[in-house]
Amino acid sequence: MDFGLKGRRALVTGASSGLGRAIADTLVKERATVAVSSRGGEKLQKAAKELGAALAVPCDLTQAGAARGLVREVTQKLGGLDVLVVNAGGPPSGGFEAITVEQWQTGFQSLWLATVDAIQEALPGMKAQGWGRIVLVTSTAAREAMNNLTVSNGLRAGLLGLVKSLSNEVAPYGITVNAALPGYHATDRMKDLGLSDEKVAPNIPARRLGRPEEFAALVTFLASEPAAYISGQSIACDGGALRGF
Ligand code: NAD
């Protein structure tokens, strides 16, 4: 299948490792012109070089307004933006009583407000060109609470409402908005949470963790030309782990 991504200008945030990196890699392989971003430093530069990304722009999504500046810079340097993939580092783990108000605020900034900022900045250009793909990387926690991930459980569910609301408004302009929900995938985040393959796999119908490139395939399809009629959806890639409809 031709994904029609050749020459499309894409930005992937949180792209120096894990799922974001795999998404950037797949988009590059589909011959999109890809800008990658993460907090920065050598890790980002190294990833950009290895991936063959057109551009690497540092941006800390926990900083208010930073995502807006990022999208502005990338749009200017690439001459426009067709695909926006919003992905951020996962929030801290912990039960409700262990999470401070500051942690809620940081989580809200990086998962929520950075998403709003990035989309608001990208929309006028996408509307003017009559084509756009917006994909939010969230989590299956948006549908089914995960143990000890209070911030993720609490904040990500609302993003699905944002997807529904926004997709409705921008569909007439040829813009789709979808959420891709990773289940358990083998990335640094899993190691940070102390979740090994042996611990998690028995609870997943597929009996293994996902590979980042499997999740990236979903996001790349949602970003593609053939996915033009798919919008307002939240789609999991989780080895069958979500039990609800
Ligand atoms: P990861 O830790 O492997 O990679 C996160 C990426 O985001 C890195 O490039 C990192 O540099 C970047 N990043 C971290 N903090 C940032 C910040 N403040 N500003 C900008 N960039 C930042 O994580 P991952 O496993 O790829 O997960 C990506 C997202 O998907 C996270 O939000 C995570 O919670 C969510 N998720 C992951 C899984 C999984 O199984 N891996 C499951 C459910 C949800």
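The values are calculated or read from the model by the stated rules, or taken from the named source; none is laboratory data. Just so you know, these numbers come straight off a predicted model, no measurement behind them. With ideal geometry, Cβ positions are generated from the backbone for all residues, glycine too; neighbour counts draw on all protein chains shown. We work out accessible area using only protein heavy atoms, side chains counted, and drop any ligands, DNA or RNA first. Shrake-Rupley method; radii C 1.70, N 1.55, O 1.52, S 1.80 Å.
The tail of the calculated P(r) for region 9-237 beyond 34 Å holds 9 percent of all Cα-Cα pairs. Per atom type, region 9-237 shows carbon and sulfur on 52% of its accessible surface, probed at 1.4 Å.
Remark: region 106-118, residue by residue, has Karplus-estimated 3J(HN,Hα) of 5, x, 5, 5, 6, 8, 10, 5, 5, 5, 4, 4, 4 Hz, where x stands for each Gly or Pro and the curve is 6.51 cos²θ - 1.76 cosθ + 1.60 at θ = phi - 60°. Our coupling estimate for region 160-173, obtained by passing each phi through the Karplus curve with A = 6.51, B = -1.76, C = 1.60 and θ = phi - 60°, is 5, x, 4, 4, 5, 5, 5, 4, 4, 6, 9, 3, x, 9 Hz, Gly and Pro reported as x. Taking 0.36 nm per residue of sequence separation and removing the Cα-Cα distance, the Lys127/Lys43 pair yields an extension gain of 26.9 nm. In nm, to one decimal, how far is the Asp197 label point from the Asn147 one, both placed 7 Å along Cα→Cβ? Rounded to a tenth, the inter-label distance reads 2.1 nm.
To the nearest 10 degrees, how steep is helix 66-78 against the longest Cα principal axis of the chain, on a 0 to 90 scale? The angle comes out near 40 degrees. Residues in the chain average 46 Å² of solvent-accessible surface per residue, probe 1.4 Å, ligands and nucleic acids excluded.
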